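> Can you read through this structure? Questions will come right after.
The values are calculated or read from the model by the stated rules, or taken from the named source; none is laboratory data. Please read these numbers as outputs of a predicted model, since none were measured by experiment. All Cβ positions, even for glycine, are placed from backbone atoms using ideal geometry, and neighbour counts span all protein chains on display.
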Amino acid sequence: MAAHGRRSLVTALQHTVLRRTFQTSSEAGVLQRLPSFYESTIEEYAQREQHGMTLGQLKKFGKSRFADKDKATKRLLQSARFVQRELPIRLARRLMDLQALPHIFVTNPHISSVYESYWSAFEELRLLPESRTLDDEATLSSVLERLVEDHSAVITRLAIGLREVREKPIVGRMIDMDRFLDDMLTSRVARRILAENHIAFHRAVKAHHQEGGSDDDGDDDDFVGVVNTRLRVKAAIESAAEQATDACARALGEAPRIEVSCSDSLLLSYVPVHLHYVLVEVLKNSCRATVEQARNERGKLAPVEVRVRKDKAQGITNMLVLDEGSGLREDEVDRAFTYGWTTAIQPRPRQSSMLDAIGGDGGGVGTNAALLSGDEAPLAGLGFGLPLSRLYCRYFGGDLKVLPVGLECGTAALIRFRHLSSDTQLYAPL
Ligand SMILES: Nc1ncnc2c1ncn2[C@@H]1O[C@H](COP(=O)(O)OP(=O)(O)O)[C@@H](O)[C@H]1O
Ligand SMILES: [Mg+2]
């Protein structure tokens, strides 16, 4: 896009955001001047270097927290300054990506609300005082907690905004959003781990100080930030299976049995929320396909199988999910990994009910729960389950593949989780 064209788009975006901040006419002058100021601030941050951190480096932080109080405090402040430096840079890059989108996206209320929430997070973090004292750090941690919470609706907003733009004749077909969303969401995974690791560190140090510095922190010994270094695989699959069958039974009135073949003693070093998300999404798909197939054939529900093998030499745990559901055609496999592609029957809500759905926790299209796999996660509908699950797997060097066994013969999904080791990069720069 030409520089001038981009500038006017940026200005339009900033105006939308700023208009909500500056309401009175005396502030109109501010409105005129601020967009270009913020545009150059965003650009300046976006050009700064990003820094990663390996699990091994994070472990050293964790260990020190229990050595002595002063050292723990020092490390906590270091961690705070690291997060404060990194997050605005990463947010600035995504703001620039959003600015570069075609105009039709920018004017969509859902996409512009994503821009708005990124922009206000960028501003808030950038303007916080650098963490020099425990009070500064406590303020930062509470801001991070709130931002993680506020931003949980982002994926749903992106999904709905994308769907609305795609539905436009001509334009919709011209846009390939997959690459854009992959970058957007990979960056989001990194930012969340960054923020949540610090929040976990903050809580651990606080608890330790309150307990008078005892070394006994029980089960938490298994955790380094958000990574569980001794995650019990079988229990994790069973919990995901329960959530998937519950969602299926709620939506379709019945659900197949899920048979798990996995050793009780199998452990994995991984981020539990990622593993849970992927398993719930893949299992929900299998459950839905199984029920649909049984209804087509007026037959019984075939069980869904999960087989697990740890490949120690490769540092991978493979999970094979087999169903005898309605299946996918060969040519549908790639499309199934396109953001927004779904065969679920969708209610066609009007614009306003789409908006109502955001932030709601009921079923149907466009709820947060669909993507966050909360307790009330809908069975299907946004078409984000497979592409986002694959993104989570690939983030740490694993993968997700779907292999059609044959139409009406079922599907095999192969999930590969790469074990997290000391060398694993936690915050992929992007
Ligand atoms: N195990 C499966 N059997 C048959 N079809 C599947 C299976 N898994 C995925 N699909 C197809 O891929 C589509 C996209 O899946 P997904 O990304 O999870 O989105 P959603 O479940 O919201 O539709 C599904 O709507 C379905 O048509
Ligand atoms: Mg799904």
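> Take the residues in region 93-115 that are outside any loop (DSSP other than H, G, I, E, B) and over 18 Å from the mean Cα position of the chain (by Cα), then tell me which one is surrounded by the most Cβ atoms within 10 Å (Cβ to Cβ). Explain how you work it out, then say what you get.
Going through region 93-115, the residues outside any loop (DSSP other than H, G, I, E, B) turn out to be 93-99, 103-106, 109-115.
The next check asks that each one be over 18 Å from the mean Cα position of the chain (by Cα); those that pass are 96, 99, 103-106, 109, 112.
On the way: M96: 17, Q99: 21, H103: 14, I104: 15, F105: 23, V106: 18, P109: 16, S112: 18.
Selected residue: F105.
The rows are residues; the columns are (1) surrounded by fewer than 23 Cβ atoms within 10 Å (Cβ to Cβ); (2) part of a loop (DSSP other than H, G, I, E, B); (3) modelled with pLDDT of 95 or more; (4) under 28 Å from the mean Cα position of the chain (by Cα).
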{"residue": "A255", "(1), (2), (3), (4)": "no, yes, yes, yes"}
{"residue": "S265", "(1), (2), (3), (4)": "yes, yes, yes, no"}
{"residue": "V273", "(1), (2), (3), (4)": "yes, no, yes, yes"}
{"residue": "H276", "(1), (2), (3), (4)": "yes, no, yes, yes"}
{"residue": "L279", "(1), (2), (3), (4)": "no, no, yes, yes"}
{"residue": "K284", "(1), (2), (3), (4)": "no, no, yes, yes"}
{"residue": "A289", "(1), (2), (3), (4)": "no, no, yes, yes"}
{"residue": "L301", "(1), (2), (3), (4)": "yes, yes, yes, no"}
{"residue": "R307", "(1), (2), (3), (4)": "yes, no, yes, yes"}
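> Moving to a separate point now. All but one of (1) within 12 Å of ligand 1 (Cβ to nearest atom); (2) surrounded by 18 or more Cβ atoms within 10 Å (Cβ to Cβ); (3) free of Cβ contacts under 8 Å to residues at least 60 places away in the same chain hold for R335; which doesn't?
(2)
> Give region 310-332 a look and list any residue that's in a strand (DSSP E or B) and surrounded by 14 or more Cβ atoms within 10 Å (Cβ to Cβ), or say none. Spell out the reasoning first.
Kept after step one, since they are in a strand (DSSP E or B), are these residues of region 310-332: 310-311, 316-323.
Within region 310-332, K310, I316, T317, N318, M319, L320, V321, L322, D323 meet the criteria.
> Based on what the data block shows, is R348 modelled with pLDDT of 95 or more and more than 16 Å from ligand 2 (Cβ to nearest atom)? I'd like the intermediate steps shown before the answer.
On the way: modelled with pLDDT of 95 or more: no; more than 16 Å from ligand 2 (Cβ to nearest atom): yes.
It is false that R348 is modelled with pLDDT of 95 or more and more than 16 Å from ligand 2 (Cβ to nearest atom).
> Among the residues of region 142-149, are any out of contact with any Ser or Thr (no Cβ under 7 Å at 6 or more places or on another chain) and crowded, with 18+ Cβ neighbours inside 10 Å? First the steps, then the outcome.
Start the filter on region 142-149 by keeping residues that are out of contact with any Ser or Thr (no Cβ under 7 Å at 6 or more places or on another chain), which leaves 142-149.
Adding the requirement that they be crowded, with 18+ Cβ neighbours inside 10 Å leaves 144, 147.
Yes, region 142-149 contains a residue that is out of contact with any Ser or Thr (no Cβ under 7 Å at 6 or more places or on another chain) and crowded, with 18+ Cβ neighbours inside 10 Å.
> Go through region 242-253 and count every residue that is surrounded by fewer than 24 Cβ atoms within 10 Å (Cβ to Cβ), in contact (Cβ under 8 Å) with a residue 60 or more places away in the chain and aliphatic (A, V, I, L, M).
The total comes to 2.
> Still on this model: May I ask you to list pairs of residues, at least six apart or on different chains, whose Cβ atoms are under 6 Å apart, with the first in region 339-350 being within 13 Å of ligand 1 (Cβ to nearest atom) and part of a loop (DSSP other than H, G, I, E, B) and the second being of a type in the set (V, I, T) and at pLDDT below 60?
The qualifying pairs are Q346/V365.
Conditions (1) of a type in the set (V, I, T); (2) more than 9 Å from ligand 1 (Cβ to nearest atom); (3) outside the structural domain of L185 (by TED's automatic domain parsing), marked per residue:
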residue	(1), (2), (3)
L386	no, no, yes
C393	no, yes, yes
F396	no, yes, yes
K401	no, yes, yes
V405	yes, yes, yes
C409	no, yes, yes
D423	no, yes, yes
